[in-house]
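Okay, so here's the structure we're looking at.
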Amino acid sequence: MVKHSVDPNKCRGCGKCIEQCGLELWILVDIGGGKKRASVIDEAKHICHMCMSCHDACPEQAITIIEEGD
């Protein structure tokens, strides 16, 4: 299983992670005040291949991905 986390202090909702993920695991959610933040869909923990495309695409280095035991 894969755990994705987004640092809310770094993510500025640019959507680069969405553009890079070939599995369409990322979405932008409205956090109020006209701002958005990247978030991963619930199924991502089972689908993600850990290719790190989203991590590498993030200009703010806001995404952390780790593999966890089942």
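See the values below:
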| item | result |
| --- | --- |
| Count of the stretch 7-31 residues which are of a type in the set (G, A, S) and under 18 Å from A62 (Cβ atoms) | 2 |
| Matching residues, the stretch 34-62, being under 13 Å from E19 (Cβ atoms) and among the hydrophobic types (A, V, I, L, M, F, W, C) | A38, C54, A57, C58 |
| Residue list for the stretch 11-35, restricted to those being in a loop (DSSP other than H, G, I, E, B), exposed (fewer than 13 other Cβ atoms within 10 Å of the Cβ) and not acidic (D, E) | G22, G33, G34 |
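Bear in mind that the values in this text are calculations on the coordinates, not laboratory data. Treat the numbers as computed from the prediction; the structure is a model and nothing was measured. When we count neighbours, we look across all protein chains shown, and the Cβ atoms used for this are built from the backbone with ideal geometry, even at glycine.
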